[in-house]
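Notes to accompany the following structure.
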Amino acid sequence: MRRLSILLLQVLLLSTGLVCAQKSFNDFVQAYPIGDEPNMRYLSSYTKQETMLFEANPIVRYSFYNNFVKSLMNDSTHMQGWYISFRPQLRMYTDNSKPVKTPSYRTYLGTQHMFRLPNKSDSTQQFLGFSLESGHYSNGQVMSAFSEKYPDGSKESDSIYNTITSATKLSDILNRNSGNFSTNLTELILNYRCYGLDDNYQPKSMHSINLGYTLYHDLFLGLLDFGGYSDQDIKLYGKHRFLLTYEYMRVFEHWKNRRLNLKQSFEWIEKPHASVNRLRMESSCTLYPFSSNKTMGVVASYIYGHDNYNFRFVDSGHQFSVGLCWSQFPLFQMKR
Amino acid sequence: MFGNILMLVNADAGQQSSVNSLLGTKGILFEQLGNLFFLETATKKQTNELASAISNLHVNFVFFHNSISDGSFIKSQGLSDATLTKLNQIMFV
């Protein structure tokens, strides 16, 4: 892990020095093919302990280098981006005071790459790609995860952890107002996608598959000793997460410039606390109905399994959501 | 729609005529100025097919395809207003 971290840091520092001069408008357009889309949505509640109003998932990426658009339009075989990413997650509940509880803060250094595969015809384009991100994930809180009275890491907090057994229902004892969640993590996603192209070499359909792995680790970027987890917490979180996603996109033939996305994702946590539902699956349908703004869509989802809001992974059940999202990899010409 | 410029290199009158006929056969909107053809295509696929068809005439040529308008313009001297209007229509509208 340490050697991989040093290599990653060296490569990131080297790439920062290789930024090319900005020559055309395309140099200012930065696209990211792999990863979630920023969204704002209504979410139904998992537990009776708190009622959700809405959730916001902004994603901000600042590239050190990004040639996806220019390279895709010019038949390049390798496209890449190197960036810093901020992915906060905010939920508002119906509580009268402090309705926004324990927001998630996620900061990553990352890189994405896509490689154009040989194609049999001009009407299809296939790509293999990957995303590698490493950073920090926490909720900025200081109190014990299971008590509002004692700070995290105090003797009193530790003694509460010592009472937790495999039979304990963590969802019932979670400190939902100020409980600390903190870890560093590294995420690798492998992607295969195949586009069907129209006569202007713009996508009219897409199949995409992601395979992902996330490792929770104590050292930031595998090197620096801050922002990690306690030995007690990691036994509850689980260190390993696996991801599988399939996505289908179709541009409407008779409703010009509008498209539909269908997405099915599965996440599996390896060896969390016994009360945690290891599985999370999300089925979503996104319609992009605005010809004047092709990146904005209306998304509806059904979710089953564990929650994905920092320590609330201890909650589980069925959820529905509806809201707005913004595509990070909109459709544009894929070849000359 | 896309604007394109085809320049024939060292072409004789017969070769110019064969290109002219090809464009007419394919229903392409164009304006010929000697060895220079300003022509309009509807899709990138049509553009590539047209370039291949011109190659099959065994003429020497340069073909410029204007994909993204980023403030390009045409300047000229000695052309009529009607000709200049048609060139702008082909290349930029």
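The values are calculated or read from the model by the stated rules, or taken from the named source; none is laboratory data. The structure presented is a predicted model; accordingly, all values stated were derived computationally and were not measured. No Cβ is skipped: glycine too gets one built from the backbone with ideal geometry, and neighbour counts run over all protein chains shown. Accessible surface is based on the protein model in full, side chains and every heavy atom, while ligands, DNA and RNA are left aside. Shrake-Rupley method; radii C 1.70, N 1.55, O 1.52, S 1.80 Å.
Projected onto their three principal axes, the Cα atoms of the range A:189-306 cover extents of 57, 32, 24 Å, largest first. The GluC sites (Glu not before Pro) found in the range A:136-230 that occupy coil by DSSP, while having at most 13 further C-beta atoms within 10 Å, are A:GLU148. Here is the interface size for A with B: some 600 Å² of accessible area buried, both sides summed, with a 1.4 Å probe. With a sphere of radius 10 Å drawn around the Cβ of A:PHE86, what net charge do the other residues whose Cβ falls strictly inside it have (Lys, Arg +1; Asp, Glu -1)? Around A:PHE86, the charge tally is +3.
A cut-off under 12 angstrom between Cβ atoms defines the neighbours of A:ILE34, and their net charge, with Lys, Arg +1 and Asp, Glu -1, is -3. Select from the range A:172-217 all residues whose loss of accessible area on going from the chain by itself to the full protein assembly reaches 30 Å² or more (probe 1.4 Å). Going by heavy-atom accessible area, the residues of the range A:172-217 that drop by at least 30 Å² are A:ASP199, A:ASN200, A:TYR201. Given R0 = 35 Å, the distance between the Cβ atoms of B:ILE74 and B:SER21 translates into a calculated FRET efficiency of 0.85.
Averaged over peptide B:47-60, the number of partner chain Cβ atoms lying within 10 Å of each residue's Cβ comes to 1. Against the longest alpha carbon principal axis of chain A, how many degrees, from 0 to 90 and to the nearest 10, is the axis of helix A:2-16 turned? That helix lies at roughly 40 degrees to the long axis. Here the Karplus curve 6.51 cos²θ - 1.76 cosθ + 1.60, taken at θ = phi - 60°, turns the phi angles of the range B:13-20 into couplings of 4, x, 5, 4, 5, 5, 5, 4 Hz, with x standing for Gly and Pro. Heavy-atom accessible surface of chain B, averaged per residue, reaches 57 Å², computed with a 1.4 Å probe. Over all other residues within a Cβ to Cβ distance under 14 Å of B:GLN32, the charged ones net out to -1, with Lys and Arg as +1 and Asp and Glu as -1. For the protein assembly as shown, the share of accessible area belonging to carbon and sulfur comes to 58 percent (1.4 Å probe, ligands and nucleic acids excluded). Here the gap between A:ARG258 and A:THR165, fully extended at 0.36 nm per residue and compared with their Cα-Cα distance, gives a gain of 28.3 nm.
Label sites at A:VAL298 and A:SER45, each approximated as a point 7 angstrom past Cα along Cα to Cβ, lie 2.7 nm apart.
Note that chain A presents 49 Å² accessible area per residue, ligands and nucleic acids not counted, probe 1.4 Å. Counting every alpha-carbon pair across the protein assembly as shown, the share separated by more than 33 Å comes to 48%.
Shown here are the Rg and Dmax of the Cα trace of chain B, at 12.8, 36 Å.
The modelled label-to-label distance for the pair B:PHE63/A:PHE54, using points 7 Å beyond Cα in the direction of Cβ, is 5.1 nm.
Scalar couplings 3J(HN,Hα) for the range B:38-47, obtained by applying the Karplus form with A = 6.51, B = -1.76, C = 1.60 to θ = phi - 60°, are 9, 9, 10, 10, 8, 9, 5, 5, 4, 4 Hz; x denotes Gly and Pro.
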